[in-house]
1. Given N residues in the range 172-295, what is Rg(Cα) / (2.2 N^0.38 Å)?
2. Distance in nm between label sites at residue 99 and residue 192, each 7 Å beyond Cα in the beta-carbon direction?
3. Quick one: compute the contact order of the range 33-93, relative version, from alpha carbon pairs under 8 angstrom and 6+ residues apart, as a percent.
4. Reported to two decimal places, what Rg/Rh ratio describes the range 234-426 when computed on Cα atoms with Rh from the Kirkwood expression?
5. At 222 nm, what value in deg cm²/dmol follows for the chain if DSSP H runs of at least 4 each add -39500 (n - 2.57) and the sum is divided by all its residues, to the nearest 500?
6. Towards the positive end of the charge dipole of the range 234-426, with charges on Cβ (+1 Lys, Arg; -1 Asp, Glu), say which of 358, 282, 425 has the farthest Cα.
7. Count the net charge of all other residues whose Cβ sits under 10 Å from the Cβ of residue 399, scoring Lys and Arg as +1 and Asp and Glu as -1.
8. List, in the order given, every pair from 217/310; 52/229; 217/353 whose Cα-Cα distance in the structure shown is over 31 Å.
Amino acid sequence: MDISIIGAGYVGLCSAAGLALKGNKVICADVDPKKIEKINTGEPPIEEPGLKEALDSTRDKLTATTDINDAVLRSSVTFICVGTPSTDDGSIDLSFVKAASEAVGKALRGRGYHLVVVKSTVVPGTTEDTVLPIIEKSSEKRAGAGFGLCTNPEFLREGSALEDFLNPDRIVIGEFDRKAGDALAKLYQNFNSPVVRTGLKTAEMIKYASNAFLASKISLINEIGNICKSLGVDAYTVAEGVGYDKRIGRAFLNAGVGFGGSCFSKDVLALTHKAKETGNTTPILDEVIKANKEQRKRIIELLKKKITLKSRRISILGLAFKEGTGDVRDSPAVDIVRYLLLEGASVVAYDPKATDNFRKIFPDINYAETARQAIDRSDACLVLTSWDEFRSMQDADFEGMKSKIIIEGRHVLDTNRVTGFEGICW
Ligand code: NAD
Ligand code: UGA
């Protein structure tokens, strides 16, 4: 199939690469010319395992442009994959989705039937109440007869985005009508995953419910973990014991410094705002977000029990919101560094992939080339991302510290190799 993808970020580009690997012809369109240039030279603008190889092996199938009109014209299916950030009050910012919908609609004017698929995460009702009327107006066509409309939420994780796109736990197809749903189902026919076909609004809700459950699971295990620490109980043995229960499962029971990333907080907040619009309250989800914020403060409180922070040199190992990515959006490290600076500490940070992105937020802190360089001469060390290279660290790596105060938030240091450190929940 000939596919165009509007928005070449994590979701757009990884979907594009995945669909090209499946044999489709894909054209990415983005408003950012730097991204487009990189993609066209085979250089992924984001760090994702396998993405470079995928771009290399699909050069004849995957191209990129800043010309949205041209991208749509050269395809029969268009995926909208632009960002849906939070506004200041936490509700969803649909400005990119609206702009993309209008551009797609304009391109469709005077053309034959074309399938438009919303892959961006949008609150229930958005595709029908916002995207559909915009496309109808700008295309001068009617949904159903003139163009098809689906919503197809994406469940990939950063750090394994391409692999997740190609092997999803499920494919959710929200369809305006059967014709549109059939066309999208055909596109996914060579994927080996269960398919849930439903209405537009239900598909949108499935995405929010999934992220809300995952975020809740983390805040709950963190709360359990904090209690475990006070009781002298090992939170990870508890997670193992609990995780064997098939109704619960072991995944997402890693207690620590909490969730970050571009989506959990923003999506849970967007859902709570949508809930209020419908006259519902969300006490559980409100607390999930609050508890996650508190967890970031908790590591500072633990540190303050050991030393005063003013004029201390604190090393931070791990800036990315999770291992395997250079993304620092809503990373726990962002809040934690901010707290440290407010307390008058100086910070020296190390991350194998996220330093450039972190530097854009904190240009004036010190950055080290290696973990050991960051640790040397520091008064305390906080471990905030579970990079594999931290797993093999040993006592010798911490020898250069002024005082051996290590608090870790990701259960990544090996107790057989490093002695005397404290965990946030263990
Ligand atoms: P991103 O910020 O990495 O990429 C969005 C891209 O859209 C950017 O490159 C931006 O330049 C481009 N863009 C903005 N307006 C545009 C327009 N009018 N026309 C063309 N391009 C435009 O975002 P992302 O992380 O890929 O997320 C995209 C959507 O997918 C969001 O709704 C997000 O919630 C959802 N999602 C993200 C993930 C993830 O892991 N990042 C996973 C599942 C779903
Ligand atoms: C998450 C979801 O897992 C994806 O299914 C979803 O598509 C995506 O959000 C989205 O909508 O954007 P992602 O944020 O990339 O994916 O990464 P996760 O692996 O879910 O991790 C999120 C955060 O939770 C990280 O900070 C991670 O360290 C933290 N986490 C995860 C824990 O603290 N404990 C755990 O047990 C698991």
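1. For the range 172-295, the normalised Cα radius of gyration is 1.31.
2. Each label point is offset 7 Å from its Cα along the Cβ direction, giving 4.1 nm.
3. Relative contact order comes out at 24 percent.
4. Computed over Cα atoms, the ratio is 0.99.
5. Using -39500 (n - 2.57) per qualifying helix, the result is -12500 deg cm²/dmol.
6. Value: 282.
7. In short, -1.
8. Check vs 31 Å cut-off fails for 217/310; 52/229.
The values are calculated or read from the model by the stated rules, or taken from the named source; none is laboratory data. This one's a predicted model, so the numbers in the text were calculated from it and none came from an experiment. Counting neighbours? That spans all protein chains shown, and the Cβs are built from the backbone with ideal geometry, glycine included. For the accessible areas, the whole protein counts, side chains as well, though only heavy atoms, and no ligand, DNA or RNA atoms are used. Shrake-Rupley method; radii C 1.70, N 1.55, O 1.52, S 1.80 Å.
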